Amino acid sequence: MYLSRVEIATLNRQKIKDLTHLGAYHNWVESSFPNEISKGERLRHLWRIDYLYGKNYLLLLSSEKPNVSNFGRYGIEETVQIKEYDNFLNKLSERQTVRFKLTANPVYRAFEPGKKNGKIFPHVTVEQQKNWLLKKAAKSGFELNENDFDIVNRDFPVLYRKGQRQVKLSRVTFEGFLKITDVSKFRETLIKGLGREKAYGMGLMTVIPLN
């Protein structure tokens, strides 16, 4: 696995003029793997947009290295960083406390009489969104207390689906501390992501060990 980052050239309007919605970022990520495209493969790539110290970054988790040139397409020159991630994942252990950051799409399914699948709705309040993550914790390999994390950003970015139909997705960024309870499940959570809309910048959790 590889964790990659590039600073987005937000001050260069001409360079990033195509980045008008989540689908454009998705295309940027996919185009960073030309070998997969040439083979007709579509592997899962987790990504998110990070805001750190006044700068915007594209953060990417992938099983293969991205093409440096393509990955840096909308970035500031010489800011591409690519690091091997497997060694870090293998050092994680049960009962370990870590600081985490997660951008996700907290939603729920409402069922109507006579219908099998139900309809997806976003959680809209802070309490609902925090409860969504609390409920995900055990089956995702970690323990989380409601006072140990918070929501640091909430917004509704635009996505154009087929036929140019515009939709807004609920995007929520959580930060705080958690304890690993099942290291195998937790590694799987880090690799596969958490929640829906993973193709559009949701689901990627990163951690920094505290012990």
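Sorting SER184, SER170 from the fewest to the most surrounding beta carbons within 10 angstrom yields SER184, SER170. Considering only alpha-carbon pairs that sit under 8 angstrom and 6 or more positions apart, the relative contact order computed for the chain is 28 percent.
Given bins 5 angstrom wide, list per bin the percent of all Cα-Cα distances in the stretch 92-209, short to long. Over the stretch 92-209, the share of Cα pairs per 5 Å bin runs 2, 11, 20, 23, 17, 13, 8, 4, 2, 0 percent. Evaluating 6.51 cos²θ - 1.76 cosθ + 1.60 at θ = phi - 60° for every residue in the stretch 51-67, the Karplus couplings come out as 10, 9, 6, x, 10, 10, 10, 9, 10, 9, 10, 8, 7, 10, 5, x, 5 Hz, glycine and proline recorded as x. Each of THR20, THR103 was scored by other Cβ atoms within 10 Å of its Cβ. Arranged with the fewest first, they read THR20, THR103. For MET202, nonlocal amide neighbours, meaning residues 5 or more places apart or on other chains whose placed amide H falls under 5 Å from its own, are TRP47.
Here the peptides 125-137, 33-45 are ranked by packing, the mean other Cβ count within 10 Å, and the order with the highest first is 125-137, 33-45.
When the Cα positions of PHE156, ALA110, THR125 are compared along the charge dipole of the stretch 92-209, ALA110 comes out farthest toward the positive end, with charges on each C-beta of Lys, Arg, Asp and Glu. For the stretch 200-211, the Karplus equation 6.51 cos²θ - 1.76 cosθ + 1.60, evaluated at θ = phi - 60°, returns couplings of 10, x, 10, x, 7, 10, 10, 9, 10, x, 9, 8 Hz by residue, with Gly and Pro reported as x. When ILE8, ILE120 are sorted by how many other C-beta atoms sit within 10 angstrom of their C-beta, beginning with the fewest, the order is ILE120, ILE8. Amide H contacts of PHE149: PHE177, each under 5 Å away and 5 or more positions distant or on a separate chain (H built 1.01 Å from N in the peptide plane; Pro and chain starts excluded).
Here the 3J(HN,Hα) profile of the stretch 104-112, calculated from phi with Karplus coefficients 6.51, -1.76 and 1.60 at θ = phi - 60°, is 9, 10, x, 9, 9, 10, 10, 9, 10 Hz, Gly and Pro shown as x. Normalised by residue count, the chain yields a Cα convex hull volume of 156 Å³ per residue. Treating each Cα of the stretch 2-87 as one equal point scatterer and applying the Debye formula with no solvent, the log10 of I(q)/I(0) at q = 0.25 Å⁻¹ comes out as -1.39. Rounded to the nearest 20 debye, the dipole size of the chain about its Cα centre is 780 debye, using +1 on the Cβ of Lys and Arg and -1 on the Cβ of Asp and Glu.
Every number here is computed from the coordinates shown, using simple stated rules; none is lab data. None of the values given here were measured: they were computed from a predicted structure. Ideal geometry is used to build each Cβ from the backbone, glycine not excepted, and the neighbour counts take in all protein chains shown.
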